[in-house]
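K.L.:
Take a look at the following structure, please.
Bear in mind these aren't lab numbers, they're just calculated from the coordinates by the rules spelled out. Not measured: the values here are computed from a predicted model. So basically every Cβ, Gly included, is an ideal-geometry build from the backbone, and we count neighbours across all protein chains shown.
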Amino acid sequence: NDDDHYHDEL
Amino acid sequence: MNIFRLAGDLTHLISILVLLLKIYATKSCSGISLKTQELYALVFLARYLDLFTDFVSVYNTVMKLVFIGSSLAIVWCMRMHRIVKRSYNRELDTFRHYFLVAGSFVLALVVHEKFTLQEIFWAFSIYLEAVAILPQLVLLQRSGNVDNLTGQYVFFLGAYRAFYILNWIYRYFTEQRFGRWISWISGLVQTALYADFFYYYFMSWKNNAKLQLPA
């Protein structure tokens, strides 16, 4: 699922 | 967002402000490695490719723009500014940082989370950031005495990633699926590279002496 490649960190 | 990551981002921001202060206030970049600054500009450009495609939050977008903008401004200043560039220690800043770029990129081609352009550039930026401080640490050892602002710059730059490690530990225990081991390992390597600097920095602070890195 896509959210594990969702880079929410800087 | 958690307190560790916020502390990390603010510490990172402080390190950049200290560097900008040093260059602006002293009109000098002596003791600063242009190569490390170029590597950081590359790190941010490679990591924030999703700047205009994935909107996370206003905070996230603003910080990305600040990191990209400040790193490019510092590289421009050290290369082009009439007065600042004269104080650049070109003869001491001789680390062959192209190998760091090449090595990180090759590693990113081999080890990544997904074989997409964005993920490969993201992994590349993570690996490159882990080693980006090397030219700066080498320059500090060669230039002997370290002025306060430069020492503080390197200290905050190293401390920010240590906060991120606490953030990853926190997220590991609070979010079931948080297994981003590429960041984990690179972050540990990155922070470990500062270990001896932190030691000498602490000793100089404790003995209230000038920061001296052994050549």
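K.L.:
Mind checking whether some residue in the stretch B:175-187 is polar (S, T, N, Q), out of contact with any Leu (no Cβ under 8 Å at 6 or more places or on another chain) and touching a residue at least 12 places away in the same chain (Cβ under 8 Å)?
P.N.:
The answer is yes, given that some residue of the stretch B:175-187 is polar (S, T, N, Q), out of contact with any Leu (no Cβ under 8 Å at 6 or more places or on another chain) and touching a residue at least 12 places away in the same chain (Cβ under 8 Å).
K.L.:
Here's another thing I want to ask about it. Of the conditions (1) free of Cβ contacts under 8 Å to residues at least 60 places away in the same chain; (2) in a helix (DSSP H, G or I), residue B:14 satisfies every one except a single condition; which number is it?
P.N.:
Of (1) free of Cβ contacts under 8 Å to residues at least 60 places away in the same chain; (2) in a helix (DSSP H, G or I), only one is false for residue B:14: (1).
K.L.:
While we're here: Of a type outside the set (A, V, I, L, M) and surrounded by fewer than 17 Cβ atoms within 10 Å (Cβ to Cβ): is that true of residue B:174 in this structure?
P.N.:
It is true that residue B:174 is of a type outside the set (A, V, I, L, M) and surrounded by fewer than 17 Cβ atoms within 10 Å (Cβ to Cβ).
K.L.:
Now, a different point. Could you list all residues from the stretch B:142-170 that are within 14 Å of chain A (Cβ to nearest Cβ) and crowded, with 19+ Cβ neighbours inside 10 Å?
P.N.:
B:157, B:160, B:161, B:163, B:164, B:167, B:168
K.L.:
Restricted to the stretch B:22-62, and to residues that are in a loop (DSSP other than H, G, I, E, B) and within 14 Å of another protein chain (Cβ to nearest Cβ), which residue is surrounded by the fewest Cβ atoms within 10 Å (Cβ to Cβ)?
P.N.:
Ranking the candidates gives B:53 first.
K.L.:
So, one more: In the stretch B:63-75, how many residues are closer than 14 Å to residue B:19 by Cα and loosely packed, with under 14 Cβ neighbours inside 10 Å?
P.N.:
Residues flagged as closer than 14 Å to residue B:19 by Cα and loosely packed, with under 14 Cβ neighbours inside 10 Å within the stretch B:63-75 amount to 1.
K.L.:
Any idea which of B:5, B:82 is among the basic types (Lys, Arg) and assigned to a helix (DSSP H, G or I)?
P.N.:
B:5
K.L.:
Now for a different question. Can you name the number of the only condition in (1) more than 14 Å from every other protein chain (Cβ to nearest Cβ); (2) surrounded by fewer than 16 Cβ atoms within 10 Å (Cβ to Cβ); (3) among the polar types (S, T, N, Q); (4) in a helix (DSSP H, G or I) that residue B:94 fails?
P.N.:
Checking residue B:94 against (1) more than 14 Å from every other protein chain (Cβ to nearest Cβ); (2) surrounded by fewer than 16 Cβ atoms within 10 Å (Cβ to Cβ); (3) among the polar types (S, T, N, Q); (4) in a helix (DSSP H, G or I), the one that fails is (4).
K.L.:
Next question, about the same structure. Is at least one residue of the stretch B:75-95 of a type in the set (Gly, Ala, Ser), more than 29 Å from residue B:169 (Cβ to Cβ) and in contact (Cβ under 8 Å) with a residue 24 or more places away in the chain?
P.N.:
Yes, some residue in the stretch B:75-95 is of a type in the set (Gly, Ala, Ser), more than 29 Å from residue B:169 (Cβ to Cβ) and in contact (Cβ under 8 Å) with a residue 24 or more places away in the chain.
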